[in-house]
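Right, one structure below, let's go through it.
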Amino acid sequence: MRNLLVAGNWKMNTDSAGAAQLATEVANGFKPDSTVEMAIFPPYPYISIVASVATGTALQYGAQDLNEHESGAHTGEICASMLVNMGCSMVLVGHSERRAMYGDSNERVACKFIAAQAAGLTPVLCVGETLEQRENNETEAVISRQLDAVLSRTGIQAFANAVLAYEPVWAIGTGKTASPEQAQQIHAFMRDKLAALDGIIAGQLRILYGGSVKGSNAAELFAQADIDGGLIGGASLTSDAFLAIYNAVA
Ligand code: PEP
């Protein structure tokens, strides 16, 4: 049994007052009898604000990235233990914007995944293909490489405490959503690949879909057999839009 997870990636948005308000409105949106979980990923400076709102509620929170080193001379970087110190339970690794713009190679993403777990955080490993890769029929090969970079260093056991997110790059922030069938096909591909290594871990792993999810398409996407919720960018920036997604499935 996998609880759905509706996760909001605020990216480089909000200010301190907006973060407090948005987190408060989201935390107040939980339905008491629902098993659907919600998590938010604010910018680093607002994690403590979100922490003060979320503590004592069901709202989970984490960071959008971390540095792979434990501590030391890495000016401007944030390590896993700092996130744990701020009460984070999760962290995104390998978001396509970090892969495309900030040097997160498959290998570096694997190191971040390992660093997150070593500190007790649940990594949310983001994978996905570009439009060009999809058009060249490389989607499964690209995703396999992204997964194998982590698997080859951690083994399948590490996926017992992780979340996967399939985010086709061509659907992020573009308004283009993968159809439920397109998304389900890739989610099933990933789960089958992991199940070949350990069926129980693969069966328990949550695989989120990300890419222009909104209240109007969430129910159909999340009803697919291997889609266990969503990683939401644009629609996580207002409580109305974010809770519309939660309410569509909760
Ligand atoms: C994302 O960046 O993770 C994302 C899915 O963004 P959007 O929902 O805006 O497409």
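Scanning the range 182-203 for residues that are in contact (Cβ under 8 Å) with a residue 40 or more places away in the chain and within 25 Å of residue 243 (Cα to Cα) yields 183, 184, 187. Pairing residues of the range 92-106 that are farther than 14 Å from residue 146 by Cβ and within 11 Å of the ligand (Cβ to nearest atom) with residues that are small (Gly, Ala, Ser) and open to solvent by 20 Å² or more (accessible area, probe 1.4 Å), at Cβ distances under 7 Å and at least 6 apart in sequence or on separate chains, gives no pairs at all.
Listed by position, the helices (runs of 4 or more DSSP H) contained in the range 1-119 that have at least 1 residues being surrounded by 21 or more Cβ atoms within 10 Å (Cβ to Cβ) and hydrophobic (A, V, I, L, M, F, W, C) are 16-27, 47-54, 80-85, 106-118.
Number of residues in the range 1-47 that are of a type in the set (A, V, I, L, M, F, W, C) and within 23 Å of residue 160 (Cα to Cα) equals 10. One residue stands out among those in the range 206-250 that are in contact (Cβ under 8 Å) with a residue 60 or more places away in the chain and more than 16 Å from the ligand (Cβ to nearest atom): the one that is least open to solvent (accessible area, probe 1.4 Å), which is 250. Scanning the range 137-181 for residues that are open to solvent by 20 Å² or more (accessible area, probe 1.4 Å) and touching a strand residue (DSSP E or B) at 6+ places or on another chain (Cβ under 8 Å) turns up 161, 172.
For the range 143-168, the set of residues classified as within 16 Å of the ligand (Cβ to nearest atom) and over 21 Å from residue 222 (Cβ atoms) consists of 146 only. The number of residues in the range 50-70 that are over 20 Å from residue 94 (Cα atoms) and polar (S, T, N, Q) comes to 3. Just so you know, in the range 120-142 the residues that are part of a helix (DSSP H, G or I) and within 16 Å of the ligand (Cβ to nearest atom) include one that is farthest from residue 182 (Cα to Cα), and it is 131.
The values are calculated or read from the model by the stated rules, or taken from the named source; none is laboratory data. Every value quoted in this text rests on a predicted model; they were computed, and no experiment measured them. Virtual Cβ from ideal backbone geometry, glycine too; neighbours counted across all protein chains shown. Surface accessibility is based on the protein's heavy atoms, side chains included, excluding ligands, DNA and RNA. Shrake-Rupley method; radii C 1.70, N 1.55, O 1.52, S 1.80 Å.
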